[in-house]
Every structure is written in structure tokens, then in C-alpha cells.
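Below is one structure, written out as C-alpha cells; the observations come after it.
Bear in mind these aren't lab numbers, they're just calculated from the coordinates by the rules spelled out. The structure displayed is predicted, hence computed values, not measured ones. Here the Cβ positions follow ideal geometry from the backbone for every residue, glycine too, while neighbour counts run over all protein chains shown.
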Amino acid sequence: MVATTIPPMRALCRYLLRPQAPVYPRCHHLVRSKRHSSAPAGARLNNTVEYDTTPILHHTSRTALQNPELPEDVRKGQTKRINLYTAINEALRHALQTDERTLVFGEDVQFGGVFRCTMNLATDFGTERVFNTPLSEQGLVGFAIGAASEGMRPVAEIQFADYVYPAFDQIVNEAAKYRYRSGSSGVNCGGLVIRMPSGGVGHGALYHSQSPEALFTHTPGLRVVIPRSPTQAKGLLLSSIRSNDPIIFMEPKILYRAAVEQVPVAPYYLPLDKAEVLKAGKDVTIISYGTPLYTCSAAIKAAEKDFGCSVELIDLRTIFPWDRATVLDSVKKTGRAIVVHESMMNAGVGAEVAATIQEKAFLRLEAPVKRVTGWATHTGLQYEKFIIPDVTRVYDAIRQTLDY
């Protein structure tokens, strides 16, 4: 008898994140007959995201360099068209080049990682600064905290956000509290960055599709950052590495290769304490972050055409501590607010944003604050597209909020 072996969960990562053929070829007709929340032919709203034309991305050098957050010398420089994982790689490379205290490590990081974000870094900077760790999230984060407390600038990678839970104790009880418990000694673990791919990818199922950001927003002492694009990823990651606060840096994995735009060649630093108004409007404010911003943008385009409304779109960027002033100023202007995120509604980021709006802008509201989020369930392989908010749900939220 030939013994059979079951591959470990982590060995399935690359397989799970490839487009899949039917498991049972004889049932292929069943796969074709399924109804999906992203659309059949002829659908008007739930179409594939058009990354090549979306206004969320910079498609020309001119628009990329018009960003007022960029320093003047960068705005006078050049850009190049890259995707999000390349932007992450460039930020790490610059940090390694300019500060010998920078370390990059994690599971398979030396070989580039599952998503190739650290590709060639070990070759160029040596395995003393870019190296693999054992398969122990608790161990690698504990090591990172120790390195940061000794003055290093460690960038630790969790292979998937779904795997961060073994390290939760180290992050919440050690990294977040280090400065608080050290009193006047000045000892802290500022300079620590913990990177992790997060969010849905279409077929990640239970262990490769989670968005656990809200768990960290309940923890004083941490910053939680989620970029939406290559430009944002490069600038926010460089700022995170330079920051003197521990940073949870969550990278929407579906955007690693899908989001491509013109990005400044020179290094630059974007603010970690400021939301960005992506589109001005006067009737409704939509607040979101990461991947759902693309969904929101498509829904806004359709809603403005159909309803004759004007919708403002805000990217939080840093979801803890988040920029309350920008959000409240917008909602006081429009009188209506919708919060959109992939993670479930219960105790999510949207709950905090909605409560703050209700508390600080109640007399200016023309409708209840609406949340469009993932459903409160685990992500089954076949049903991931039904769980994550789609264009239709955001479009309906705009209509309902306007009609209230």
C-alpha cells in the first residue's frame, strides 16, 4: 500500500491563490451554472473592476506628480508604472539602503515571499539583514519587538493576515504596551513594522481571506495602516518604517498585481495621521479604505449618472488612530454618510466611524449613517463573492441614503 500524505496548510498557499480549475471535471457544468454576485454577461453594476481606467489610480505622470503631499523635489521628478507589490519592494529597498538598522524577515522572505514583495532583497543586502524565520508568528514578532527595543528598525512579515493570531499576544501585550510600561526610561519598540497581506482574493476561503484590522484598532499604542494603491503603499510604508510607533501594515493582497499606476521614482513619505479626500461631493460622503475603494468608485459613477447626485469619497488610509476631523468636516457638509469595508459589520471599523459621526455631527445629518460591510460569517470557498460588498450593495446604499 502506498502511503498518502496531506500537504500542510502553508504549502497550499500558492495553490489556493491561483485561478482554479474545477476540482471535479465531470461537474464542470455545475460550475458554469452557478449564480455569482459579480456579474453575468450584460450586468450593469457588478462588472470586473477596470483597473486601467479607474480614477483611484494615477494613469499618467502628470496626475501622479500633482499630489500636494509629495515634497517639491519629488513633484519635479520622474515616475514609472509599477504594481503594488513592486512598490512595497521599492520601499523596503530604500529603507535597507539608507538605514543600516533596517531588518526584513519572515517566513520565506529570503526567497521573495508568497507574493514576491521581498524579491532580490536578500541577494542585494545579505542574509544578515533579510532572512527567513521559523514557521512561528509568535516567535518572529517577539524577535521583532526585541530588535526594535534595541534600536533596530525591524520589518516583520506575517505570510497572511489569517496567520497573525498566534502573534496576537506579542502584538497587544508587548509591542503596544512597551512604551507605556517603561515609564521615564525612554525604552520602547518604536520603529517596529509588522506587514501582512489581508482581505479577499476571490478564492482564499477560510484561511486566506480574512480582514482582521478591527481587532488591532482596539489597542492603544499601535497604528494600523492600509494602503489602496502602489503610490500609497510606497509612501505609507516608508513613513511607517520611519515612525516611532509600532505599525500594523496591512496590504490588500488582491491589489498586489491588479493595481498598477505611475509612481514617483524618488523616495517620499506620506502622512500616517491624515485621511485623503479622493473625490469631492456635496450630497453623500462615503468613507472606506483599501480594496473597497474601487468598488465605491464604480458605484459612485453609476449613482451620480442615475440619481444626479454628487458623492464625496474618503480614504481613511490609517484606520487607527483615524482622521476624525476630515471625516466630520465632510459629513457636516453633505449631511449623509456611508461606511464601506470588507470585514464584517459587527464591531468593525465602520461601527466606530458611524458612532463618532452620530456623536459629533448628529444635528447635521439628513439620514442615518449606513454601513456596507462583509457579512458576519466565515468565508466559504464558493461564497466569497457573496460575502464581500459589491458595487450593487454600495449603489443601493447611496440610493437609500438619498431617499431617506
Calculate the dipole size of the chain relative to its Cα centre from +1 charges on Lys and Arg beta carbons and -1 charges on Asp and Glu beta carbons; express the result in debye to the nearest 20.
840
Given the chain, longest segment not containing exposed loop GluC sites (Glu not before Pro) (DSSP; at most 15 other Cβ within 10 Å)
151-365
With unit charges on the beta carbons (Lys and Arg positive, Asp and Glu negative) and the dipole taken about the Cα centre of the stretch 156-230, which residue among Ile171, Gly221, Gln159 sits farthest to the positive side?
Gly221
Tabulate in residue order the Karplus-calculated ³J(HN,Hα) for the stretch 74-90, using 6.51 cos²θ - 1.76 cosθ + 1.60 with θ = phi - 60°, rounded to whole Hz; enter x for Gly and Pro.
6, 5, 8, x, 10, 10, 9, 8, 9, 9, 5, 5, 5, 4, 4, 4, 5
Quick one: Karplus J couplings for the stretch 322-337, per residue in order, coefficients 6.51, -1.76, 1.60, θ = phi - 60°, nearest Hz, x for Gly and Pro?
8, 7, 5, 4, 5, 5, 5, 4, 5, 5, 4, 6, 8, x, 9, 9
Where labels lie 7 Å past Cα in the beta-carbon direction, separation of Ala351 and Ser61 in nm
4.9
When the Karplus curve 6.51 cos²θ - 1.76 cosθ + 1.60 is applied with θ = phi - 60°, which whole-Hz ³J(HN,Hα) does each residue of the stretch 257-273 get, with x for Gly and Pro?
10, 6, 8, 10, 7, 6, 10, x, 6, 5, x, 7, 10, 9, x, 8, 10
Give the aspartates and glutamates reachable from Lys274 as a straight Cα distance under 14 Å; neighbours fewer than 8 places away on the same chain don't count.
Glu69, Asp315, Asp323, Asp329
Non-local residues with an amide H under 5 Å from the amide H of Val224, with H modelled 1.01 Å from N and Pro and chain starts lacking one, are Ile248, Ile319, Phe320
Within the stretch 276-403, count lysine pairs with alpha carbon atoms under 24 angstrom apart where the residues are 8 or more positions apart or belong to different chains.
25
Of all DSSP beta bridges in the chain, what percent run antiparallel (nearest 5)?
25
Viscosity 0.692 mPa s, temperature 37 °C: Stokes-Einstein D of the stretch 190-294 from its Kirkwood Cα radius, in µm² per second?
220
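Rounded, prolate or oblate: which fits the stretch 126-259 when a ≥ b ≥ c are the square roots of the eigenvalues of the alpha-carbon gyration tensor, with rounded for a/c under 1.5 and prolate only if a/b beats b/c?
Cα axes put the stretch 126-259 in the prolate bin.
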Given a 10 angstrom Cα cut-off, can you work out which residue in His218, His341, His208 is the most mobile in a GNM of the chain?
His218
Taking the dipole of the stretch 317-404 about the Cα centre (Lys, Arg +1; Asp, Glu -1; charges at Cβ), the one of Gly335, Thr318, Ala347 that reaches farthest to the positive side is Gly335
Shape call for the stretch 276-403 from the C-alpha gyration tensor, a ≥ b ≥ c root eigenvalues: rounded (a/c under 1.5), prolate (a/b greater than b/c) or oblate?
oblate
